[in-house]
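The next block holds one structure in the form of structure tokens; read it before the comments.
All of the numbers you see were taken from the coordinates with simple rules; none came from a lab. Not measured: the values here are computed from a predicted model. Note that we place each Cβ from the backbone using ideal geometry, even for glycine, and neighbour counts take in every protein chain shown.
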Amino acid sequence: YFFKFSHSTTRRALLTAMSAFTVASNLTSRVALPKARAARRTARRATAVRASEEPAAEPAPEVPAAPAVPTSFTLAQAFAFSGPEGSNFAGSGPEIMNGRLAMLGFVAAAGAEIATGEPVYQQFGEAQAPILLTIALFTAASVVPFLSNTKAEDAGMWTREKELLNGRAAMIGMLALLGFEAVKHVPCL
């Protein structure tokens, strides 16, 4: 006991502490007790709700799966005139292949005709094997990506739509070149 208190000081401190306890307990009984009772009632209700049977959940509607994109095609699909479903190509196989061959053929025929002065029919008659080999190689090179359904990425100005447009223009140009030479019997260029 480090401090000495008088009897009256100790008694006052004790009474003050007792009265503070009395006030606190009265407040607790008026405020906290009803809250505790309400919490117990809520807990009983929650327990009752948990014990009751829950309604069956409705099954989630089934979402149809997206159709799988084919990874490859057959030769019959590659040479079909309508592009198969799921194809990565802008047009049908024959249109793409004929367009590529027409672009190659028109540039080669026009260049050889300008250089030699020979019509396309004479050029073909003099070099049948190399021309047919070139046609076979370009057709095979066009079929392989189609069979594996490999998507060619657009690179700057080189797009699939432009390839189709240029191929169509080359087919018309090649037809005009052959038609003019067939009618006039002279080189066109």
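Normalised by residue count, the range 75-189 yields a Cα convex hull volume of 114 Å³ per residue.
Here the Karplus curve 6.51 cos²θ - 1.76 cosθ + 1.60, taken at θ = phi - 60°, turns the phi angles of the range 129-142 into couplings of 4, x, 5, 5, 5, 5, 4, 5, 5, 5, 5, 5, 5, 7 Hz, with x standing for Gly and Pro. Packing-based ranking of 170-180, 127-137 yields 170-180, 127-137, ordered from highest to lowest mean Cβ neighbour count within 10 Å. Calculated FRET efficiency, ALA140 and ILE172, Cβ-Cβ r, R0 25 Å, to nearest 0.05? So the FRET efficiency works out to roughly 0.50. Shown is the FRET efficiency for MET157 and GLU62, computed with R0 = 41 Å from the Cβ-Cβ distance and rounded to the nearest 0.05: 0.35. Amide hydrogen proximity for ASN149: with H placed 1.01 Å from N in the peptide plane, the residues at 5 or more positions away or on another chain lying under 5 Å are PHE73.
Per-residue 3J(HN,Hα) values for the range 168-180, derived from phi via the Karplus relation 6.51 cos²θ - 1.76 cosθ + 1.60 with θ = phi - 60°, read 5, 5, 5, 5, 5, x, 5, 5, 5, 4, 5, x, 5 Hz in sequence order (x marks Gly and Pro). What FRET efficiency would be calculated for the residue pair CYS188, THR150, taking the C-beta separation as r and a Förster radius of 30 Å, to the nearest 0.05? Using R0 = 30 Å, I get an efficiency of 0.20.
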